[in-house]
């Protein structure tokens, strides 16, 4: 009987322990599930920059073709065979410099003949001058000899000029841009021989819509980039503005003087021109890539602690790198410049340095 009592007590203890363990497990499972079901929100990696202050300019952008300020086609002033060529395309020449030589033997002989006659008449004119002062010859005789001498002198000067014309000379300083002749060519008077282009300065000619007329003025700064020379930019300024608007195209002509000490620019090149017509100083600036445009809404994401907050802005001028902020931001605000495409307002972010 006593053993049966002990067995019953042991069984009761086992049942109680099992019940308690079961209750304990039942209570712990919901907590574990709650931890498993709790959602962990990841941070979106982004790049950011700060709102700064600086200057920004407004540009008018257009296309232009390059022309030489001065350009001259060199024509012959005499006829003959080309015997020598002194310059080649690409050479720099000064005004008056010899470019080529034509055969001038006949003209040289003619000059020598007229010179002999001139010297003879000169001596006779000087002798008659002495006789006239002594009143040994009449006025008519003196005037006759004087006229013959002056006529022969004019003939000599003409022969000398024609011989000099057998040397083709540069009418302006510049670069030989084209050569039309070869040694041995027979040329007639007024035939083209060379083209000379003055590359200093070069002019960029552009045609601007009339609505921009009020923005552009002489001496405004311009920047020129040329398709053939990518990565290079050349400074210039507006030299003159045509006062006439073309009624057919609705444009007016703007001539820009381009500075090119390296002489890599050539007439005929095609380029793009930016003309600075206004500058705002000490204004709020953000990188251009930070600005988001959706429909009529312009905004940026501002980092506040670890949260990206979308803020609407009003912008002013825009250049190649920055946007002017008129309203919506403060200097020192940290704004997102990369990664904002996957963000929503109040997204958690991590700024990558």
Return a yes/no flag: does the stretch 93-111 have any residue that is within 30 Å of residue 206 (Cα to Cα) and in a loop (DSSP other than H, G, I, E, B).
yes
Please determine whether any residue of the stretch 339-349 is outside any loop (DSSP other than H, G, I, E, B), surrounded by 11 or more Cβ atoms within 10 Å (Cβ to Cβ) and modelled with pLDDT of 90 or more.
no
Among 86, 125, which is surrounded by 12 or more Cβ atoms within 10 Å (Cβ to Cβ) and modelled with pLDDT under 90?
125
In the stretch 306-327, what residues are surrounded by 18 or more Cβ atoms within 10 Å (Cβ to Cβ) and outside any strand (DSSP E or B)?
313
On the basis of being over 29 Å from residue 76 (Cβ atoms) and surrounded by 13 or more Cβ atoms within 10 Å (Cβ to Cβ), does residue 235 make the cut?
no
Within 32 Å of the chain's Cα centre (by Cα), at pLDDT 90 or above and surrounded by 14 or more Cβ atoms within 10 Å (Cβ to Cβ): is that true of residue 286 in this structure?
yes
Among the candidates 325, 307, 313, 298, which residue alone is in contact (Cβ under 8 Å) with a residue 40 or more places away in the chain and under 22 Å from residue 56 (Cα atoms)?
325
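The values are calculated or read from the model by the stated rules, or taken from the named source; none is laboratory data. Source: prediction; values computed, not measured. Counting neighbours? That spans all protein chains shown, and the Cβs are built from the backbone with ideal geometry, glycine included.
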